[in-house]
Amino acid sequence: MNKPYKIAVIDYRMSNMFSIKNALTVLGFDVEITSDYSTIVSCDGAILPGVGSFPEAMKHIKELKLDVSINDFIASGKPFLGICLGFQLLFNKSNEIKDTFGLGILSGEVKSFSALNDKVRVPHVGWNNIIRKPNFDIKGASDPLENINYEDYFYFVHSCYVKPSNDIDIFTTT
C-alpha cells in the first residue's frame with residue numbers, strides 16, 4: 001500500500017485550520033497542523049488556510065517566522081494552496097483595515113470591495129458562478145478547472161479581492 005500524501009496545514013494562530021484538516025483526513029490524506037519549519041518543509045504539500053484580517057494574520061506569520069517556512073516550501077516546487085485569506089497573504093500588500101505588507105510571493109495587492117463603490121455591500125455573501133478568462137495560457141500544465149461546469153455556482157463570503165500586477169495572471173473572475 002502506498003504511503004498517504006502528507007499535507008501541512010499551516011497554523012498561524014487564526015483560520016479554519018481544523019475544518020481543513022478534517023476534510024483532508026476524510027479524503028485519506030495524512031494531515032498535520034503545524035507552525036514548525038522542519039515539519040512544513042518535509043511535507044508533500046502545504047495549505048495556508050484563512051479566516052480573519054490581513055494585518056493580524058501577517059503579524060502572527062512574522063512572529064512565528066512562518067514567512068521563511070512558506071517561502072522555502074513554495075521554492076521547493078511542491079504543491080501549495082492558499083485558501084481565502086491564505087491566498088490573499090501571498091500578495092505584496094493589502095489595504096484591509098490598514099496598509100499592510102504581505103508575503104510578496106505573488107505580485108499585486110488585496111483591495112476592499114468598498115473602495116470600488118460605496119454602494120457595494122460588504123462583506124459579499126452569496127452564490128456566484130465563475131467566468132473563465134478566454135484563452136488563458138496555463139503554460140503546458142493540465143487545466144485545473146477542466147471538470148468545472150461554468151453554470152455551477154460557488155459560495156462566497158469575502159470583503160476583499162486580489163488585483164494581480166499583471167492581468168495575464170487572472171484565470172477566472174466572478
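The values are calculated or read from the model by the stated rules, or taken from the named source; none is laboratory data. Small disclaimer: the values here were computed from a predicted structure and weren't measured. Cβ atoms come from the backbone with ideal geometry, glycine included; neighbour counts cover every protein chain shown. These accessible areas exclude ligands, DNA and RNA; they are computed on the full protein's heavy atoms, side chains included. Shrake-Rupley method; radii C 1.70, N 1.55, O 1.52, S 1.80 Å.
Listed by chain and number, the lysines whose C-alpha is less than 18 Å from the C-alpha of LYS133, apart from same-chain residues fewer than 8 away, are LYS163.
Counted by Cβ distance under 13 Å from SER165, the other residues give a net charge of 0, where Lys and Arg count +1 and Asp and Glu count -1. Applying 1/(1 + (r/R0)^6) with R0 = 35 Å to the Cβ-Cβ distance of ARG132 and ASP30 gives a FRET efficiency near 0.60. Orientation-averaged projection of segment 1-61 equals 4.2 nm² [convex hull of Cα atoms, one quarter of hull surface area]. Using the Cα centre of the chain as origin and beta-carbon charges of +1 (Lys, Arg) and -1 (Asp, Glu), tell me which of ASN22, SER165, ILE148 is placed farthest towards the positive end of the dipole. Farthest towards the positive pole: SER165.
Split the accessible area of segment 17-174 by element, probe 1.4 Å, and carbon with sulfur accounts for 55%.
A DSSP coil position with no more than 11 other Cβ atoms inside 10 Å describes the following trypsin sites (Lys or Arg not before Pro) in segment 1-89: LYS65. Among beta bridges from DSSP that stay inside the chain, the antiparallel ones total about 50%. Ligands, DNA and RNA excluded, the heavy atoms of ILE83 present near 50 Å² of accessible surface to a 1.4 Å solvent probe. Considering segment 52-163, its Cα convex hull presents a mean projected area of 8.5 nm². Dipole magnitude for segment 33-174: computed about the Cα centre from +1 point charges on Lys and Arg Cβ and -1 point charges on Asp and Glu Cβ, it is near 360 debye. Applying the criteria of a DSSP loop state and at most 12 other Cβ atoms within 10 Å to the chymotrypsin sites (Phe, Trp or Tyr not before Pro) of segment 42-144 yields no site.
Applying 1/(1 + (r/R0)^6) with R0 = 30 Å to the Cβ-Cβ distance of SER107 and ASP44 gives a FRET efficiency near 0.65. Over the C-alpha trace of segment 1-108, radius of gyration and Dmax come out as 13.5, 50 angstrom. Springs join every pair of Cα atoms under 10 Å in this Gaussian network model of the chain, and among ASN149, ASN71, ASN16 the largest mean-square fluctuation is at ASN149.
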